[in-house]
Amino acid sequence: MIISLYIWLMFNRFKTHVNSNLELLRSAKIVLAISGGIDSVVLSHLCKDLKLNIALAHCNFNLRGIESDDDEDFVLQLAEDLDFKVFIQRFDTEVYAKENKLSIQMAARELRYNWFEELAEQLKFDYILTAHHADDNLETFLINFTRGTGLEGLTGIPEINGKFVRPLLPFSSKAIEAYAKENNITWRDDSSNKSVKYLRNKLRHQVIPILKEINPSLLQSFQATLNNLKDTSDIVEESTNAVLKRAIETIDGNHIAFKITEFKKVNNPKAYLFEVFNTYGFTEWNDVVDLLDAETGKQVFSKTHRLIKNRTQLLLSEINIEGSEMISILENQNQVQTSFGTLFFDEADAVFSKEPNVIYVDRKKLEFPLTISKHKEGDVFYPIGMSGKKKVSKYFKDEKLSLLDKENTWILYSGNDVVWVINRRADNRFRVTENTKQILKIELE
């Protein structure tokens, strides 16, 4: 009777949690990520009893030989017992880790989550369930804390994050294990979970037990702390968004421009800079703060992005890892696709437009094939509307182009001569005159 009562209480607590906080699961098509371990197996049984529309998805990472294959067989049998569809994916994790220069753990995580998302998209699953629980949440908090993090890293695992939903977060590992044993549920033990060479396992087996000994109500206290941190996070987000609304000056395909004055107005610029830019991978926060008073052109890099001081602005852009593009244009081509748009070449009877994205040139003066590339050192041209010649670099400076603008400006060449600083200024040498017999219209769209 006591066993039955415990099982009934656990299930009803789960049912109440889903009905109160995760009602979206009730009518959803769901795939459940299952390893064969106790947490995901218990979640499978609870979802079955709750009559949710569930399929199982299992990753075989081929890291533990026969043990990995036995996990797969166990999941196949469980799916049959629970009358669930099941999807199995095998990975050569070690090769993937080596090719992508990742740790085995990170490689497995990347492979797992990428596959789950592909599966959900291909088979139209609404949500992906994972079996993270309260102890996992505490471990993640401690990992982030020991590595150094901002407020976001201390607010725990999100219960809903896009398609990913974690309905066991309110439940402790102790409660899950008790439910499994009293319900005669079998599961697989992953031998690698016992190794303390991994930080998470070291915290799980060596640190958290001591913390629980000091405070038997550790998980409850931790949850209260998380709730307080999330409340604080909401306040920080609201304040940051207010500053962002004033600070963002322009957004285009290449960069976001922020007004430096708006960061200088706040009491703690470093805190706001962290909240705005930490998601882009920046870590050298003193260098980021120094940009506010640095000379134009000063840069700070993360692995994926860079911040550039440009007069009164900070410019945020992705790092372009592609090499310099060189495009050849043959005499009979009518259009050319580029990374910055499509160039159209058409015959014209007269000059009609003076838009910056259109030029008219004397076709007979062109030497084909034309080429497009970034500007080269020493480039000189004769800007229409100006007297004499000018270095392209000097033109950029006079036009007060930012470093990013310069890097994203392309040149159309005839031989070694500049025909057009594309979308900015044409060269006077190729202009249409009263002696022109063939007018060529070049337009960027």
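The values are calculated or read from the model by the stated rules, or taken from the named source; none is laboratory data. Note that this is a predicted model, so its numbers are computed, not measured. All Cβ positions, glycine included, derive from the backbone under ideal geometry; neighbour counts span all protein chains shown. Keep in mind that these areas ignore ligands, DNA and RNA; they rest on the heavy atoms of the full protein, side chains included. Shrake-Rupley method; radii C 1.70, N 1.55, O 1.52, S 1.80 Å.
Considering only residues that are open to solvent by 10 Å² or more (accessible area, probe 1.4 Å) and either touching an Asp or Glu at 6+ places or on another chain (Cβ under 8 Å) or of a type outside the set (A, V, I, L, M, F, W, C) (or both), which ones fall in segment 44-65?
If the condition is that a residue be open to solvent by 10 Å² or more (accessible area, probe 1.4 Å) and either touching an Asp or Glu at 6+ places or on another chain (Cβ under 8 Å) or of a type outside the set (A, V, I, L, M, F, W, C) (or both), then 45, 48, 49, 51, 53, 62, 63, 64, 65 are the ones that fit.
Yes or no: residue 309 of a type in the set (Lys, Arg), surrounded by 11 or more Cβ atoms within 10 Å (Cβ to Cβ), under 36 Å from the mean Cα position of the chain (by Cα) and part of a loop (DSSP other than H, G, I, E, B)? Give the derivation first.
Numbers: of a type in the set (Lys, Arg): yes; surrounded by 11 or more Cβ atoms within 10 Å (Cβ to Cβ): yes; under 36 Å from the mean Cα position of the chain (by Cα): yes; part of a loop (DSSP other than H, G, I, E, B): no.
No.
Could you tell me whether residue 139 is open to solvent by 70 Å² or more (accessible area, probe 1.4 Å) and outside any loop (DSSP other than H, G, I, E, B)? Explain how you work it out, then say what you get.
Values: open to solvent by 70 Å² or more (accessible area, probe 1.4 Å): no; outside any loop (DSSP other than H, G, I, E, B): yes.
Criteria not met by residue 139.
So the check is Cβ under 7 Å with 6+ separation or different chains; which pairs have a first residue in segment 410-438 that's under 11 Å from residue 366 (Cβ atoms) and part of a loop (DSSP other than H, G, I, E, B) and a second one that's among the basic types (Lys, Arg) and open to solvent by 10 Å² or more (accessible area, probe 1.4 Å)?
Matching pairs, first to second residue: 438/363; 438/364.
(1) crowded, with 17+ Cβ neighbours inside 10 Å; (2) at pLDDT 90 or above: which one isn't true of residue 408, the others all being true?
Of the numbered conditions (1) crowded, with 17+ Cβ neighbours inside 10 Å; (2) at pLDDT 90 or above, the odd one out for residue 408 is (2).
Would a scan of segment 353-362 turn up a residue that is more than 40 Å from the chain's Cα centre (by Cα), surrounded by 11 or more Cβ atoms within 10 Å (Cβ to Cβ) and assigned to a loop (DSSP other than H, G, I, E, B)? Break it down into steps so the answer makes sense when it comes.
We begin by selecting, within segment 353-362, every residue more than 40 Å from the chain's Cα centre (by Cα); these are 353-354, 360-362.
Narrowing further to those that are surrounded by 11 or more Cβ atoms within 10 Å (Cβ to Cβ): 353, 360-362.
Imposing the further condition that a residue be assigned to a loop (DSSP other than H, G, I, E, B) reduces the set to 353.
Yes: one or more hits.
Would you call residue 211 open to solvent by less than 50 Å² (accessible area, probe 1.4 Å), at pLDDT 95 or above and not small (Gly, Ala, Ser)? Talk me through it step by step, then tell me what you get.
Values: open to solvent by less than 50 Å² (accessible area, probe 1.4 Å): no; at pLDDT 95 or above: yes; not small (Gly, Ala, Ser): yes.
No, not satisfied.
Taking segment 363-407 as the region of interest, how many residues are in a loop (DSSP other than H, G, I, E, B) and among the polar types (S, T, N, Q)?
Applying the first criterion (in a loop (DSSP other than H, G, I, E, B)) to segment 363-407 yields 366-369, 375-379, 382, 384-389, 399-402.
Now narrow it down to the ones that are among the polar types (S, T, N, Q): 387, 402.
The number of residues fulfilling the criteria is 2.
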